[in-house]
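Got a structure here, written out as structure tokens. Questions coming.
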Amino acid sequence: MGAVVDAAPTLASNENTNGGLSSGKKVTVVFVLGGPGSGKGTQCANIVEHFGYTHLSAGDLLRAEIKSGSQNGTMIQNMIQEGKIVPSEVTVKLLQQAMEESKNDKFLIDGFPRNEENRAAFENVTKIIPEFVLFFDCSEEEMERRLLNRNQGRVDDNIETIRKRFKVFIESSLPVIQYYSSKGKVRKIDAGKPVEEVFEAVKSVFSSAVKNAQ
Ligand code: UDP
Ligand code: MG
């Protein structure tokens, strides 16, 4: 595939929540953030069913990249095992590709951006500004309990890596949430409750987002 040269985006086109991809496709993005085990994946499945978004889990895309035997596979595997954040260029490219390939134009990006560098790289490359940021707020105690009980065979769901992931979340990911909070973009959900109750709160966020867009 030849390189697609971006028509220089005008400032105006970047001010709203519609971003551009190199193909020229316009998309709407919601970032879904929260600590490991806060319920991002579970709630995204519900949102997909009710609101017609396509779910893109950054972690799942990275795990698929390992499985596909890509050049970066070993590096990604090592980072995940240590709970560290994979370089933005890898993750941004995977997300961009997934959005280009999808027929949909509405995406839930789950578990990304994980640090300020991720956030800046995504914005610079895609020019996409999120519609809003859904933040699942949950205590470490509850998240730890869920992660240790979920048994999905993940190399990072052991107590040593879980502790590292919590530390990375607090040090690197919370500043991203603070950044979007300062822009009035964060919709915070109490995620320590049962799945159905959390989804009620999620639904009211998406319902008012739909109203505001009309
Ligand atoms: N990861 C990353 N960048 C991302 C998303 C995930 O480096 O944008 C890595 C990181 O090592 C993280 C792991 O993948 O600890 C698992 O991420 P996932 O979102 O699947 O886990 P969750 O936090 O939802 O339990
Ligand atoms: Mg997840």
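The values are calculated or read from the model by the stated rules, or taken from the named source; none is laboratory data. Computed from a prediction, not measured in an experiment: that's the story for all the values here. Don't worry about glycine lacking a Cβ; one is built from the backbone with ideal geometry, like all the others, and counts go over all protein chains shown.
Note down all Cβ pairs under 6 Å where the first residue falls in segment 65-80 and is more than 23 Å from N158 (Cα to Cα), the second is within 11 Å of ligand 1 (Cβ to nearest atom), and they're at least six residues apart or on different chains.
N72/V90
Given R187, R163, which one is at pLDDT 95 or above, among the charged types (D, E, K, R) and assigned to a helix (DSSP H, G or I)? Steps first, answer last, please.
Working: R187 fails: assigned to a helix (DSSP H, G or I).
Among R187, R163, only R163 is at pLDDT 95 or above, among the charged types (D, E, K, R) and assigned to a helix (DSSP H, G or I).
Continuing with this model, one more query. Quick one: is Q214 modelled with pLDDT under 95 and under 23 Å from R114 (Cβ atoms)? Don't jump to the end; show me each part of the working.
Numbers: modelled with pLDDT under 95: yes; under 23 Å from R114 (Cβ atoms): no.
In short, no.
Here is a further query. Test V86 against the criterion of being buried (at least 19 other Cβ atoms within 10 Å of the Cβ) and either away from ligand 2 (no atom under 15 Å from the Cβ) or at pLDDT below 95 (or both), and give yes or no.
Numbers: buried (at least 19 other Cβ atoms within 10 Å of the Cβ): yes; either away from ligand 2 (no atom under 15 Å from the Cβ) or at pLDDT below 95 (or both): no.
Here the answer is no, as V86 does not meet what is asked.
What pairs come up if the first residue lies in segment 42-64 and is free of Cβ contacts under 8 Å to residues at least 12 places away in the same chain, the second is within 14 Å of ligand 2 (Cβ to nearest atom) and outside any helix (DSSP H, G or I), and their beta carbons are under 7 Å apart, counting only those six or more places apart or on different chains?
A45/H55
Condition test on A58, is it small (G, A, S) and either surrounded by fewer than 18 Cβ atoms within 10 Å (Cβ to Cβ) or more than 14 Å from ligand 1 (Cβ to nearest atom) (or both)?
Details: small (G, A, S): yes; either surrounded by fewer than 18 Cβ atoms within 10 Å (Cβ to Cβ) or more than 14 Å from ligand 1 (Cβ to nearest atom) (or both): no.
When the stated conditions are applied, A58 does not pass them.
In the list Q43, Q71, which residue meets the criterion of being more than 10 Å from ligand 1 (Cβ to nearest atom) and either within 23 Å of E196 (Cβ to Cβ) or surrounded by 16 or more Cβ atoms within 10 Å (Cβ to Cβ) (or both)? Before the answer, list the steps.
Working: Q71 fails: either within 23 Å of E196 (Cβ to Cβ) or surrounded by 16 or more Cβ atoms within 10 Å (Cβ to Cβ) (or both).
Answer to the selection: Q43.
OK, next. Every residue in segment 17-61 that is part of a helix (DSSP H, G or I) and closer than 23 Å to K203 by Cβ, please.
Pass one, segment 17-61, residues part of a helix (DSSP H, G or I): 40-51, 58-61.
Result: K40, G41, T42, Q43, C44, A45, N46, I47, V48, E49, H50, F51.
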